Structures are given as C-alpha cells and as structure tokens.
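Reading through the structure tokens given below for one structure.
FYI, it's all coordinate maths here, none of it is from the lab. All of these numbers come straight from a predicted model, not from anything done at the bench. Every residue, glycine among them, receives a Cβ derived from its backbone with ideal geometry; neighbour counts consider all protein chains shown.
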Amino acid sequence: MQQNHTEISAIGEFGLIRRISDLVNIRLDDQSLNDNLIMGISDDAAVYRPTPGKVQILTSDALIEGIHFDLTFMALKHLGWKAMVINFSDIAAMCGTPRYAAVTLSLPKKISVEMVEELYAGASAACKKFSCLIVGGDTTASMANMMVSVTVIGEAEERQVTYRGGAKAGEYICVSGHLGASVAGLKILKREKERFSKISDLREFKPNLEPYAPALEKHLTPKPRFDISSIFRERVKVGAVIDISDGLASEVHHICAGSGVGAEIYEHNIPVDSLTQRIAAEFSESPVDYALFGGEEYELLFTISDAEYAKLDRLTNDVSILGRVTEKEKGIGFIRENGEREALAPGGWDHFKTR
C-alpha cells in the first residue's frame with residue numbers, strides 16, 4: 001500500500017508542530033509526570049516542576065542521515081524509537097529515570113508530513129513504554145540530509161547516581177545481555193540493500209530478513225536496561241557504570257580513564273549469542289570483534305565487588321563477568337582464549353576518525 005506524501009510546505013511549520021503536538025500528547029501511567037508539567041509544546045519553552053529531593057540528569061544525542069542511519073532500510077518509526085532510547089540508555093547508566101524530552105528535526109524536502117508522523121509515532125511509543133513526555137524541540141529545513149536530535153532530562157536521588165569514575169581495583173567487570181548483535185544486524189541490512197541495488201526487476205526481490213530478526217531488532221529497536229539499573233538503584237551497590245554505545249572496548253577504556261584504573265578482559269567470557277556467531281561466520285569475520293568494536297548495544301557495562309555480585313547473581317541471570325579491574329600500572333589487557341595477553345585497543349566508533 002502506497003503511503004500518502006504531503007509536502008511539509010503544504011501545511012507549514014506551525015501546521016506540522018500542531019500535528020506533532022497531537023502525537024506526543026500522551027497520558028502516562030506515572031501521573032506525576034503529567035501533573036508536574038505546567039507548559040508543554042504550545043509555548044516558547046516547556047515549564048515543569050522538578051521533583052523535590054531529586055537531582056536532574058541531562059543528556060543529548062543527535063542522529064544524522066548517512067552517518068547514523070540509512071532511510072533505505074531504517075523505517076521512520078524505528079528511527080523515532082531509537083532516537084529516544086539511546087538517550088534513555090544514558091539515563092539508565094546513571095541509575096536515573098527519564099522525565100521530559102525535547103526533539104529537534106532538520107528536514108530535507110524529501111521528508112513528508114506522513115514520514116514525520118511515523119517518526120513521532122515511534123518516539124511516542126518509546127516514551128509511553130519508558131515513562132517520558134516530549135515537551136518541545138524545534139523543526140527546521142535542511143538543504144542536505146535529515147537530522148534528529150533529542151535531549152532528555154531525567155532525575156534520580158543524588159546518592160543513587162552512578163558514574164563511570166567509580167571503579168576500584170579488584171572489582172569484577174560485568175556486562176548485561178549479550179554483545180555484537182547490533183552490528184551483526186546492521187551488516188545484514190547493508191547486505192540486503194546491496195542485493196536490492198543489483199536486481200534488474202524489482203518485483204523479483206525478496207529480502208532475506210526473517211532468519212535474522214533478533215539481530216535486526218537489536219539494531220533497529222534497542223531497549224534501555226532500566227531493569228538492570230533499577231536493581232543497582234534499589235538492591236545492589238555497583239562501582240562504575242556506562243552504557244555501550246561505541247563498543248565494549250571503547251567503554252572499558254572510558255571507565256578506566258574515568259576511574260584511574262586498569263583492566264583485564266577475558267575473551268572466553270564475552271557473551272555472544274549463536275545468531276551473532278552465525279552472522280559473523282557468513283561474513284568471514286570475528287564475532288568477538290563485533291562485541292569489542294561494534295557498538296550500538298545499549299547494554300550496561302559496570303564494575304562490582306565480589307560481595308555485591310553475589311547479591312546481583314540471585315536477582316538476574318542476564319549479567320556476565322568479563323574480567324577484573326586492576327591497578328592502573330597494569331594497563332588494559334585482553335586475555336585471549338589461549339592465555340596470551342595483549343593490549344586492548346580502544347576501537348569503537350569515532351566520528352572524526354579518517355575513513
């Protein structure tokens with residue numbers, strides 16, 4: 001079924017804002033969010049009452065077409081979801097709760113009203129699930145590619161906020177979930193796009209995606225790990241915490257730099273599921289490299305003492321021990337399955353690295 005394509009110029013900026021306002025005006029289970037919002041999208045700025053006794057957490061991320069997403073295989077509803085969730089993941093890493101969000105869009109002429117509505121449908125679905133309200137932002141024209149920028153304000157009790165600088169020598173280094181699936185899913189999407197580009201009769205093209213659904217979901221619609229951060233907040237004390245956006249190796253380096261420590265990560269401890277291993281084999285690549293350098297996982301990497309880990313182990317089976325925090329002088333090592341130790345390269349995504 002062909003989607004309508006209403007040019008934004010047909011309804012104008014303020015007509016688009018009115019449509020966006022209708023899409024994000026949702027009622028949440030957490031009634032206090034609605035009650036504490038004094039003014040939302042309909043004025044120059046949002047006004048809300050901070051929750052007494054809490055500190056506020058501010059985070060922001062931008063997604064640029066051609067850098068972070070490809071509209072040939074990224075549905076707008078998935079883009080809207082992901083733009084929100086990558087910010088929620090930052091809040092989860094601080095053991096906070098998202099409260100309010102502002103969304104800024106730069107829109108080239110190819111983007112229609114219906115496409116913007118689809119994006120906000122995805123964003124609103126994420127906000128509904130993780131209890132956050134979109135209260136403002138900006139829309140502007142773009143002469144080139146599309147951009148989505150989201151700022152989220154979260155909150156937490158000050159004593160419960162976690163940082164990447166809290167690791168101590170002797171603690172375990174752990175991670176939630178499994179790693180490498182996001183980049184594995186991206187590789188499948190890129191391969192199918194290449195197949196599509198080589199088909200002369202497009203009616204004959206059938207994308208081969210179903211066998212890879214969990215990896216595609218990990219890349220297109222990631223989930224912030226509030227289930228794990230809520231345990232940190234309420235039941236278990238951890239050292240340092242960071243979310244994995246740029247790759248495991250990069251985040252280990254961030255924790256070590258922030259905490260003034262070293263680390264040893266063991267190859268055989270890295271959790272990689274069977275589908276990710278199969279996809280890596282199809283591309284004749286290393287699933288461990290996917291985990292170390294792939295990024296866009298949005299799992300939580302953290303450090304924890306032996307005693308606190310014993311508590312955590314009784315509360316969840318979705319955490320793996322990767323290694324230990326060491327003294328800074330020992331550096332950051334990667335222990336291969338054969339026992340050989342090598343320096344762990346930071347790797348990961350660097351926006352300004354020459355490619």
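Among the lysines of the stretch 8-160, pairs at least eight places apart or on separate chains and with Cα atoms under 20 Å apart come to 6. From most to least packed by mean Cβ count within 10 Å, the peptides 173-183, 229-239 give 173-183, 229-239. In order along the stretch 83-94, the phi-based Karplus estimate (6.51 cos²θ - 1.76 cosθ + 1.60, θ = phi - 60°) of 3J(HN,Hα) comes to 4, 6, 5, 5, 6, 4, 5, 4, 5, 4, 5, 9 Hz; Gly and Pro are listed as x. Between R314 and E7, the modelled label-to-label distance comes to 6.6 nm, taking each label 7 Å out from Cα in the direction of the beta carbon.
Between S286 and K193, the contour length at 0.36 nm per residue exceeds the Cα-Cα span by 31.3 nm.
In this structure, the amide hydrogen of I332, modeled 1.01 Å from its nitrogen in the peptide plane, lies closer than 5 angstrom to those of A263, L344, counting only residues at least 5 positions away or on a different chain. Charged neighbours of V288, selected by a Cβ distance under 10 Å, balance to -3 (K, R count +1; D, E count -1). The order of the peptides 323-336, 103-116 by mean Cβ neighbours within 10 Å, most packed first, is 103-116, 323-336. Around the amide H of R164, modelled in the peptide plane, lie the amide H atoms of V241, all under 5 Å away and 5 or more residues distant in sequence or on another chain. Beta bridges per DSSP, both residues in the chain: antiparallel share near 75 percent. Measuring between their Cα centroids, the stretch 231-271 and the stretch 79-144 lie 27 Å from each other.
The helix-only estimate of mean residue ellipticity at 222 nm for the chain, built from DSSP H runs of length n ≥ 4 each weighted as -39500 (n - 2.57), is -11500 deg cm²/dmol after division by the residue total. For D273, the residues 5 or more places off, or on other chains, whose built amide H falls under 5 Å of its own are L179.
Here is the tail figure for the chain: Cα pairs spaced more than 36 Å apart come to 26 percent of all pairs.
Shown in residue order for the stretch 175-191 are the 3J(HN,Hα) couplings computed by the Karplus curve 6.51 cos²θ - 1.76 cosθ + 1.60 at θ = phi - 60°: 9, 7, x, 10, 10, x, 5, 5, 5, 4, x, 4, 5, 5, 4, 5, 5 Hz (x for Gly and Pro).
Karplus-derived 3J(HN,Hα) values for the stretch 70-76, using 6.51 cos²θ - 1.76 cosθ + 1.60 with θ = phi - 60°, are 10, 5, 6, 9, 9, 5, 4 Hz; glycine and proline are entered as x.
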